[in-house]
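Participant: Take a look at the following structure, please.
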Amino acid sequence: MNRGYSAEEISSITKGKLFRAGSTTPVLHFATDTRKITDPVHSLFVAIRGENHDGHHFISDAYKFGIRSFIAENQQPFSALNDVSVIIVSHSLTALQHIAIHHRMQHDIPVIGITGSNGKTIVKEWLNLLLSDDQMIARSPRSYNSQLGVALSVLTLEPEHTFGLFEAGISMPGEMMRLQEMIRPSIGIFTNLGSAHQENFGSLQKKAEEKALLFSNTQAVIYPLKYSEIDEAVKKIAPAAARISWSTDFNAGVQITSHISISGKSELLLRWKGKEFQFHLGFIDPASVENAIQCIVTMLYLGYTEQEIASRLERLAPLPMRMELLNGINQSIIINDVYSNDLHSLEIALDFLKYNSSGLDRMVILSDIQQSGIPPQQLYEKVNLLLKEKGIHRLTGIGKDISSSSSAFSLTADFFQNTEEFLASFLPEEIHRKAILVKGARIYGFERITEILQDKTHSTVLEIDLNALSHNLNYFRSLLLPGTRLMVMVKAFGYGAGAYEISSLLEFNKADYLAVAYTDEGVALRKSGVSLPVMVMNPEMNSVSTLLRYQLEPEIYSFRMLHNFYQALLLSGADAAYPIHIKVDTGMHRLGFMPNEIEQLADALSQMPLIKIASVFTHLASTDEPLHDDFTHSQLAKFDRFCSLLKEKTGQQFFMHSLNTVGIQLFPSAQYNMVRLGIGLYGISSDENEQLHLKNVSSLRTVISQIKKLNTGESVGYNRRFIAEKDTISATIPLGYADGLRRSLSNGAGYVMIKGKKAPVLGNVCMDMTMVDITGIDCKEGDPVEIFGQEISLKEFARQSGTIVYEVLTGISQRVKRIYLQE
């Protein structure tokens, strides 16, 4: 076990000033996020200033959690904190990187550094599977490949590790050299070269050279020769390294002489150093085959035999690189994370479980943690501590090691020797209102456990990418002026994505306010454990008692509403001012007080001491159309006057907000002290330049239920709307207008994507199913189908449907299963 670092050592490594030395406990862990602190006694909190957050604002939170060691850029936050060790540095991230560089130099082990535009994480995880029989491997958790992520990854190195696997990603010139200093790879893998972040590089060649800086001191670099830019970059940047290129077409160091796909499997013939090798893969998609070849070539270079490689390749399968949040049986939720199991990925999964499980008992189904290098009893004592710190109520352990170490656990637990034994004893009725993390190494086949725990009501799913949603949230945060708060719209079932799940993520990411349309939406959030302030935009006056009981804040838009709410407030016996949100109609002509009613409103509010104005807001009618900019400015002028007079006459201070998603960027001077983020959170903007910065959040997918051959003249569906003019092959998919697929897509107006090809709709869209033309597409029953997502954009799908994106998202039936993905 690492002996840790003292405050004096850290001060010396970082060349910082030891401002205080109150804690003598050695530092074993480095934390940058107070929401993910484990073992606070042995942790140091690094206060990093980022684009969207300033870690200095969370120093007091870290202190409350029990941390007593800190790196920061100024002394001020520590004036009231006792018994702390504080190192003051000029730049906190750089200081953390210097510690990582120092830490890496203490570990003289082989390390593979992986870069490229795609495939880094898959190659890393597959190599971990293939090499872990012989090595104690430290590796990047998930896709920790940034300036911060690499530092945190390298700092996980322990004395027992014999091998390292770290990935490195860059988006700007000048970033890779610092990553190289931290990783110091002895072997390099350059997966491929694509267009990601190309706007920041002068050319593909320049990008290749920047990425190749990772390999400036490596012994060997493995890469596909089909990218001439990579070949030239490696020759230039790493001239002393052995260049191990591979190719199917060019004369490479490793020649792929044959690649045959049969029945969903691949057969590869390779030639290296004059010798022929044969390998079989359990998949045929090009990306997976290329990733597997990178792994094969790496193992050949490391000296593994053909037989060793071939036997271990059987373990490989396309891996889910993200955790899935699924609906489970008996009102439970399931976190599916069954492709790897180690202490670091367990901690990440437990954090995801924690912030998605409000009101539910937390349970973990855990396999043996293999190749940890730690004696089993000691390892599972650490696991027990981690489970207790994350609030886990029950553990099910599966595997010989975890079962034999049962005495290490102090929480309620049961143990099974293998997955089969667990499945044989499983009783569904014992699972009720639980949040269950299913976390296991791949060899344990925990997919079978997820299968029996999952609520299988519909084979059509709406996938929600929580990483993309967080990215979009942070993008809009980056546009806000200092001091501007963020209210996020989660009405209409969170724009179809799930109000609780989205609200939980927003609370985790410290949004300031939520807004819903109706009282029952707010009640559902409160019952699920969401504690953020919630504005109700259209509260029913017969539900005032419910508003008060659940601390929901009403929008008030008329005098009748104001007086009715105040009377209900008086009858409730309230003894403190209650927050309301006043709506002003500056030109939308929908709801709100008119600007000329300001005097009457101010007089009324002066007679209502139990009311506190939380915010005043308006809706702008046309922020996304430059043609109407003059009208927008006239609305803002009316809003300014209204708010100024209301402040003057009531003496109250309040939030002011007028901007929606597109207005945040287009009208920055009108941000006031709050903005409302809506559709932009889900990756949609009407501004095309802004759209380039957003990531897609929602993907609607289903599967092929049945395939039929149609002869010329045969028809499809109700009313025989489609009649085959030639022999046609049709596929039926379990998705119809009751699920949100509009009938306007019927008979060729719309299409879906199957195996990367368009499959037009045949005949009318039915209530529960739709038929599509798969003539010429090599597919089978059970194959996946994309309705919209990566291959068909949400905007394109809305255009086909003859509607707007809002209607598409909110129109997806709740019988369609939602799956939440998180890296």
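Participant: Please work out which residue is nearest to L591 (Cα to Cα), limiting yourself to the range 529-538 and to residues that are out of contact with any Leu (no Cβ under 6 Å at 6 or more places or on another chain) and open to solvent by less than 30 Å² (accessible area, probe 1.4 Å).
Facilitator: The selected residue is M537.
Participant: Can you tell me which residues in the range 664-685 are assigned to a helix (DSSP H, G or I) and in contact (Cβ under 8 Å) with a residue 24 or more places away in the chain?
Facilitator: I664, Q665, L666, P668, A670, I679, G680, L681, Y682
Participant: To continue, here is another question. I'm trying to understand the selection: among the residues of the range 752-804, which are among the hydroxyl-bearing types (S, T, Y) and open to solvent by 20 Å² or more (accessible area, probe 1.4 Å)? Give the derivation first.
Facilitator: Of all residues in the range 752-804, those among the hydroxyl-bearing types (S, T, Y) come to 770, 775, 793, 801, 803.
Once the filter is applied, which keeps residues that are among the hydroxyl-bearing types (S, T, Y) and open to solvent by 20 Å² or more (accessible area, probe 1.4 Å), the range 752-804 yields T775, S793, T803.
Participant: Can you tell me which residue among S216, S143 is open to solvent by 20 Å² or more (accessible area, probe 1.4 Å) and over 28 Å from L692 (Cα atoms)?
Facilitator: S216
Participant: Could I ask something else about it? Among the candidates H657, H628, H619, which residue alone is more than 16 Å from L481 (Cβ to Cβ) and either surrounded by 18 or more Cβ atoms within 10 Å (Cβ to Cβ) or of a type in the set (D, E) (or both)?
Facilitator: Sole residue among the options that is more than 16 Å from L481 (Cβ to Cβ) and either surrounded by 18 or more Cβ atoms within 10 Å (Cβ to Cβ) or of a type in the set (D, E) (or both): H619.
Participant: Quick one: V154 ticks every box in (1) in contact with a Pro (Cβ under 9 Å, 6 or more places away or on another chain); (2) surrounded by 24 or more Cβ atoms within 10 Å (Cβ to Cβ); (3) of a type outside the set (S, T, Y) bar one, so which box is it?
Facilitator: In the conditions (1) in contact with a Pro (Cβ under 9 Å, 6 or more places away or on another chain); (2) surrounded by 24 or more Cβ atoms within 10 Å (Cβ to Cβ); (3) of a type outside the set (S, T, Y), V154 misses (1) alone.
Participant: Which pairs do you get when a residue that is within 18 Å of I244 (Cβ to Cβ), found in the range 260-278, comes within reach of a residue that is open to solvent by 70 Å² or more (accessible area, probe 1.4 Å) and of a type outside the set (V, I, T), reach meaning Cβ atoms under 6 angstrom, with the pair 6+ apart or on two chains?
Facilitator: L268/H259; L269/Q278
Participant: From (1) modelled with pLDDT of 95 or more; (2) under 14 Å from I611 (Cα atoms); (3) surrounded by fewer than 20 Cβ atoms within 10 Å (Cβ to Cβ), pick out the condition that doesn't hold for S558.
Facilitator: (2)
Participant: In the range 85-173, which helices (runs of 4 or more DSSP H) lie fully inside it and hold 3 or more residues that are over 22 Å from A441 (Cα atoms)?
Facilitator: Working: elements: 92-105, 120-131, 147-154.
Where helices (runs of 4 or more DSSP H) fall fully within the range 85-173 and carry at least 3 residues being over 22 Å from A441 (Cα atoms), they are 92-105, 147-154.
Participant: For the range 781-788, check the following and say yes or no: at least one residue is in contact with a Leu (Cβ under 7 Å, 6 or more places away or on another chain), at pLDDT 95 or above and within 22 Å of E463 (Cα to Cα).
Facilitator: We begin by selecting, within the range 781-788, every residue in contact with a Leu (Cβ under 7 Å, 6 or more places away or on another chain); these are 787-788.
Now narrow it down to the ones that are at pLDDT 95 or above: 787-788.
Those left that are additionally within 22 Å of E463 (Cα to Cα): 787-788.
Yes - at least one qualifying residue is present in the range 781-788.
Participant: Okay, next question. How about the range 477-509: which of its residues are out of contact with any Pro (no Cβ under 8 Å at 6 or more places or on another chain), farther than 25 Å from L700 by Cα and in contact (Cβ under 8 Å) with a residue 12 or more places away in the chain?
Facilitator: The answer is R477, S478, L480, G483, T484, R485, L486, M487, E507, F508, N509.
Participant: Now for a separate question. How many residues does the range 586-607 hold that are open to solvent by 10 Å² or more (accessible area, probe 1.4 Å) and either touching a His at 6+ places or on another chain (Cβ under 8 Å) or part of a loop (DSSP other than H, G, I, E, B) (or both)?
Facilitator: Counting residues in the range 586-607 that are open to solvent by 10 Å² or more (accessible area, probe 1.4 Å) and either touching a His at 6+ places or on another chain (Cβ under 8 Å) or part of a loop (DSSP other than H, G, I, E, B) (or both) gives 9.
Participant: Here is a further query. I'd like the full set of residues that are open to solvent by less than 10 Å² (accessible area, probe 1.4 Å) and either at pLDDT below 95 or in contact with a Pro (Cβ under 9 Å, 6 or more places away or on another chain) (or both), limited to the range 188-207.
Facilitator: Scanning the range 188-207 gives F190, T191, K207.
Participant: Here's a follow-up. Restricting attention to the range 53-91, and to residues there that are open to solvent by 50 Å² or more (accessible area, probe 1.4 Å) and within 24 Å of the chain's Cα centre (by Cα), which single residue is nearest to T24 (Cα to Cα)?
Facilitator: H57
Participant: Ok, one more. So, in the range 264-319, how many residues would count as being more than 34 Å from the chain's Cα centre (by Cα) and under 28 Å from G782 (Cα atoms)?
Facilitator: Here the count works out to 3.
Participant: If I go through the range 508-528 residue by residue, how many of them are touching a strand residue (DSSP E or B) at 6+ places or on another chain (Cβ under 8 Å) and open to solvent by 10 Å² or more (accessible area, probe 1.4 Å)?
Facilitator: 6
Participant: Does at least one position in the range 465-484 carry a residue that is surrounded by 21 or more Cβ atoms within 10 Å (Cβ to Cβ) and either among the charged types (D, E, K, R) or at pLDDT 95 or above (or both)?
Facilitator: Yes, because at least one residue in the range 465-484 is surrounded by 21 or more Cβ atoms within 10 Å (Cβ to Cβ) and either among the charged types (D, E, K, R) or at pLDDT 95 or above (or both).
Participant: Moving on to the next point. If you check Y820, Y806, which single one turns out to be among the hydroxyl-bearing types (S, T, Y) and in contact with a strand residue (DSSP E or B) (Cβ under 9 Å, 6 or more places away or on another chain)?
Facilitator: Y820
Participant: Report the residue count in the range 29-52 for those that are over 18 Å from L93 (Cβ atoms), open to solvent by less than 40 Å² (accessible area, probe 1.4 Å) and not charged (D, E, K, R).
Facilitator: Count: 3.
Participant: Shifting gears a bit: Restricting attention to strands (runs of 3 or more DSSP E) lying wholly within the range 300-400, give those where 3 or more residues are modelled with pLDDT under 90.
Facilitator: Values: elements: 323-327, 333-337, 361-367, 394-398.
In the range 300-400, 323-327 are the strands (runs of 3 or more DSSP E) which contain 3 or more residues that are modelled with pLDDT under 90.
Participant: Only one residue in A614, A637 is surrounded by 15 or more Cβ atoms within 10 Å (Cβ to Cβ) and either over 37 Å from the mean Cα position of the chain (by Cα) or not in a loop (DSSP other than H, G, I, E, B) (or both). Which one?
Facilitator: A614
Participant: Those residues that are among the aliphatic types (A, V, I, L, M) and in a loop (DSSP other than H, G, I, E, B), I need them from the range 747-773; list them, please. Reasoning before the result, please.
Facilitator: Let us first name the residues in the range 747-773 that are among the aliphatic types (A, V, I, L, M), namely 749, 752-754, 759, 761-762, 765, 767, 769, 771-772.
Listed by number, the residues that qualify are A749, V765, M767, M769.
Participant: Another question about this same structure. Quick check on my filter: what residues within the range 435-462 are charged (D, E, K, R) and either assigned to a helix (DSSP H, G or I) or open to solvent by 40 Å² or more (accessible area, probe 1.4 Å) (or both)?
Facilitator: R442, E447, R448, E451, D455, K456
Participant: Let me ask something else about it. Open to solvent by less than 60 Å² (accessible area, probe 1.4 Å), of a type in the set (D, E, K, R), in contact with an Asp or Glu (Cβ under 7 Å, 6 or more places away or on another chain) and within 24 Å of I452 (Cα to Cα), is that true of D368?
Facilitator: When the stated conditions are applied, D368 passes them.
Participant: Do the conditions hold for S503, that is, is it of a type outside the set (A, V, I, L, M, F, W, C), assigned to a helix (DSSP H, G or I) and either under 19 Å from R322 (Cα atoms) or open to solvent by 40 Å² or more (accessible area, probe 1.4 Å) (or both)?
Facilitator: So S503 fails the test.
Participant: Continuing with this model, one more query. Return the residues of the range 506-551 that are part of a loop (DSSP other than H, G, I, E, B) and of a type in the set (D, E, K, R); say none if nothing qualifies.
Facilitator: K510, D512, E540
Participant: Among the numbered conditions (1) in a helix (DSSP H, G or I); (2) at pLDDT 90 or above; (3) open to solvent by 10 Å² or more (accessible area, probe 1.4 Å), tell me where L569 comes up short.
Facilitator: It fails just one condition, (3).
Participant: Okay, moving on. If you take the residues in the range 671-697 that are of a type in the set (G, A, S) and either closer than 17 Å to L514 by Cβ or touching a Gly at 6+ places or on another chain (Cβ under 7 Å) (or both), which one is surrounded by the most Cβ atoms within 10 Å (Cβ to Cβ)?
Facilitator: Looking at the filtered set, the residue picked out is G680.
The values are calculated or read from the model by the stated rules, or taken from the named source; none is laboratory data. Predicted, not measured: the structure shown is a model, and the values here were computed from it. FYI the Cβ positions are ideal-geometry reconstructions off the backbone, even for glycines, and counts take in every protein chain you see. Just so you know, the surface numbers come from the protein's heavy atoms only, side chains and all, with ligands and any DNA or RNA stripped out. Shrake-Rupley method; radii C 1.70, N 1.55, O 1.52, S 1.80 Å.
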